[in-house]
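Before any comments, here is the structure.
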Amino acid sequence: SGYTSSSTGTDNEIGGGTILLESQSLSTEGSWIDLEFFGSTAANTNPKDIKLRFGSTMIARNLGVPSPNGLDFSIKSKCVRASNTELKCFTEILFDGELVESKYTSVTGLDLDGADNTFQITASMSSAGDVTTQFFTGTITNF
């Protein structure tokens, strides 16, 4: 089922676009989480700056397609535990076959064993419904 943002403005959470990573979910170095988010954008010229965040750190955003008007999108990310304090994330964003954007991000200063964290899709938008998540998954692999 779809989840539409209920608010407008800068960096608002898109309803339903959050995955909780509980403490100790990635229990050993080399463990990873595969994330997949799928959604759509309204067919208007409103700004649609879509971002994937881990806590307050931005992992990726749509730069190559700054105005995805009426396009579907997918965000796929693999985040690997390098240590209790660091995740290495490899992310791809695709808009309706238009362009694939790839990004590597190292997220540091974490406490993966002692604190819950979230992966979250946020967006800057003019009207509620400019960006909608349709569904998302997160799969953890531990050794």
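Couple of notes before you dig in:
- Test for Ser124: is it surrounded by 13 or more Cβ atoms within 10 Å (Cβ to Cβ), of a type in the set (S, T, N, Q), under 14 Å from the mean Cα position of the chain (by Cα) and over 17 Å from Pro47 (Cβ atoms): no
- Tally of residues being more than 13 Å from Glu92 (Cα to Cα) and either modelled with pLDDT under 90 or small (Gly, Ala, Ser) (or both) across segment 69-81: 1
- Check on Ser102, among the hydroxyl-bearing types (Ser, Thr, Tyr) and touching a residue at least 24 places away in the same chain (Cβ under 8 Å): no
- Counted residues, segment 74-104 - those being under 16 Å from Thr57 (Cα atoms), among the polar types (S, T, N, Q), open to solvent by 40 Å² or more (accessible area, probe 1.4 Å) and part of a strand (DSSP E or B): 0
- Ile14 within 19 Å of Ser106 (Cα to Cα) and in a strand (DSSP E or B): no
- Residue within segment 114-133 that is of a type in the set (Ser, Thr, Tyr) and over 18 Å from Thr18 (Cα atoms) present: yes
- Residue selected from segment 54-66 under the condition at pLDDT 90 or above and among the β-branched types (Val, Ile, Thr), by the criterion farthest from the chain's Cα centre (by Cα): Thr57
- Scoring Thr10 on the criteria (1) under 17 Å from Thr132 (Cβ atoms); (2) over 15 Å from the mean Cα position of the chain (by Cα); (3) open to solvent by 70 Å² or more (accessible area, probe 1.4 Å) leaves a single failure, condition (1).
- Complete set of residues in segment 20-48 that are in a loop (DSSP other than H, G, I, E, B) and touching a Pro at 6+ places or on another chain (Cβ under 6 Å): Lys48
- Exactly one residue among Ser40, Ser31 is of a type in the set (Gly, Ala, Ser), touching a Leu at 6+ places or on another chain (Cβ under 8 Å) and over 16 Å from Thr118 (Cα atoms), and that residue is Ser40.
- Flag if Gly64 is over 18 Å from Ala128 (Cβ atoms) and not in a strand (DSSP E or B): yes
- Any chance Lys51 is within 18 Å of Gly17 (Cα to Cα), open to solvent by 50 Å² or more (accessible area, probe 1.4 Å) and either at pLDDT 95 or above or not in a loop (DSSP other than H, G, I, E, B) (or both): no
- Within segment 18-44, if we keep just the residues that are modelled with pLDDT under 90 and of a type in the set (Val, Ile, Thr), the residue that is most open to solvent (accessible area, probe 1.4 Å) turns out to be Thr18.
- Failed condition for Phe135, given (1) assigned to a strand (DSSP E or B); (2) out of contact with any Ser or Thr (no Cβ under 8 Å at 6 or more places or on another chain); (3) open to solvent by 60 Å² or more (accessible area, probe 1.4 Å): (2)
The values are calculated or read from the model by the stated rules, or taken from the named source; none is laboratory data. Source: prediction; values computed, not measured. We place every Cβ from the backbone using ideal geometry, glycine too, and count neighbours over all the protein chains shown. The protein model used for the area step is the full one, side chains on, heavy atoms only, and it has no ligands, DNA or RNA in it. Shrake-Rupley method; radii C 1.70, N 1.55, O 1.52, S 1.80 Å.
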